[in-house]
Amino acid sequence: MLTIDAQVHAYERDHPGRPWTAVLHGPPEVTGDQLVAAMDAVGVDGAILVSVWTMYRWDASYALDVYAAHPGRFGLVKPVDPNDPAVADTIADWARTKGRVAIRIMMGPDVSTDAGDPGINRVLAEAARHGLPVNLMCRGRLEQVGEMARRHPNTRLVVDHLGLAQPFEPPPPAEPFAELPKLLALASHDNVVVKITGACTLSHQPFPYKDLWDPLWRIFDAFGLQRCMWGTDWTRAVALLTYKEGVESFRVTDRLTDSEREKLMGGSLQKIYSWSPSKT
């Protein structure tokens with residue numbers, strides 16, 4: 001069984017050569033070497049390395065450096081700007097980049113809430129043309145995702161972090177799954193898949209976070225495990241749990257069979273992103 005983390009981040013310390021735009025919750029640096037060491041320590045074979053939007057915005061150069069330094073360990077995701085008139089060229093360039101598996105839209109205040117927005121539709125159409133899934137950071141905007149899925153049935157949409165608001169530090173939200181029905185409604189769209197990333201940050205219990213499994217199984221039953229991918233969202237979660245806890249909580253639970261665990265912790269991801277890690 002290959003174990004593949006569906007979302008991790010790496011970044012170097014702020015410096016003039018690659019300055020930060022803002023500060024992400026977490027350590028002052030998480031280099032590629034540090035990230036690989038953490039993965040090796042708990043037997044994670046590979047991961048999807050998402051270029052950190054908070055620090056680097058649309059510049060994926062550090063993620064590309066990490067990919068080059070650790071061949072075979074990472075698939076790459078780059079945020080793109082739907083408000084950029086040249087975004088189609090950006091997507092075409094990324095599609096030609098070695099190691100790329102997807103693009104990402106950060107659906108924050110600067111991105112239209114209208115599913116008919118020309119920029120959003122340009123991104124989704126171009127992604128489909130190049131065979132790239134689109135990751136969506138879309139908390140609070142799940143109804144919009146449903147309309148985007150309807151308009152672009154040939155574009156694979158990947159809902160980040162269960163589509164729910166997740167904390168950067170304790171405590172977890174009082175009602176962490178209040179928006180779950182809106183996520184479940186998206187299961188009717190075959191082109192929508194869900195990243196079960198950062199889920200442990202929503203728990204009100206200590207490791208191994210047993211209170212998560214009833215709501216998680218509602219997601220698995222709705223979408224099928226073939227449309228769900230486990231991941232840690234490391235290092236955003238450092239104030240709430242260790243990397244080992246984020247991995248082991250899905251390994252030790254009796255709520256998954258071995259075959260279900262294989263799908264959730266790597267099998268589905270390999271098909272969704274058409275990528276597998278290889279140690280060289």
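Which residue pairs have Cβ atoms under 7 Å apart, sit 6 or more places apart or on different chains, and have a first residue in the range 149-178 that is in contact (Cβ under 8 Å) with a residue 24 or more places away in the chain and under 22 Å from Pro118 (Cα atoms) and a second that is small (Gly, Ala, Ser) and surrounded by 18 or more Cβ atoms within 10 Å (Cβ to Cβ)?
If the second residue must be small (Gly, Ala, Ser) and surrounded by 18 or more Cβ atoms within 10 Å (Cβ to Cβ), the pairs left are Arg151/Ala115; Thr155/Ala127; Leu157/Ala149; Val158/Ala102.
Step by step: first the residues of the range 195-222, then only those that are closer than 17 Å to Gly266 by Cβ and of a type outside the set (A, V, I, L, M), then the one that is surrounded by the fewest Cβ atoms within 10 Å (Cβ to Cβ). Which residue is that?
In this case the residue turns out to be Phe220.
Given the conditions (1) buried (at least 21 other Cβ atoms within 10 Å of the Cβ); (2) closer than 15 Å to Trp58 by Cα; (3) not aromatic (Phe, Trp, Tyr), report the number of the one that Leu132 does not fulfil.
Every listed condition holds for Leu132 apart from (2).
If you go through the range 166-212 one residue at a time, how many are under 17 Å from Leu241 (Cβ atoms), assigned to a loop (DSSP other than H, G, I, E, B) and hydrophobic (A, V, I, L, M, F, W, C)?
2
Test each condition in (1) under 17 Å from the mean Cα position of the chain (by Cα); (2) exposed (fewer than 15 other Cβ atoms within 10 Å of the Cβ) for Asp40 and report the one that comes out false.
Result: Asp40 fails condition (1) only.
Of all residues in the range 151-169, which are under 16 Å from Lys78 (Cα atoms) and β-branched (Val, Ile, Thr)?
Within the range 151-169, Val158, Val159 qualify.
Does the range 212-224 include one or more residues that are at pLDDT below 95, of a type outside the set (D, E, K, R) and out of contact with any His (no Cβ under 7 Å at 6 or more places or on another chain)?
No: zero hits.
Suppose we filter Gly108, Gly163, Gly75 for residues that are surrounded by fewer than 21 Cβ atoms within 10 Å (Cβ to Cβ) and of a type outside the set (Val, Ile, Thr); which single one remains?
Gly108
Of the conditions (1) modelled with pLDDT of 95 or more; (2) under 25 Å from Pro133 (Cα atoms), Thr201 clears all except one; give me its number.
Evaluating Thr201 over (1) modelled with pLDDT of 95 or more; (2) under 25 Å from Pro133 (Cα atoms) leaves (2) as the failure.
The values are calculated or read from the model by the stated rules, or taken from the named source; none is laboratory data. Being a predicted model, the structure only gives us computed values, none of them experimental. Positions of Cβ are backbone-derived with ideal geometry, glycine not excepted, and every protein chain shown enters the neighbour counts.
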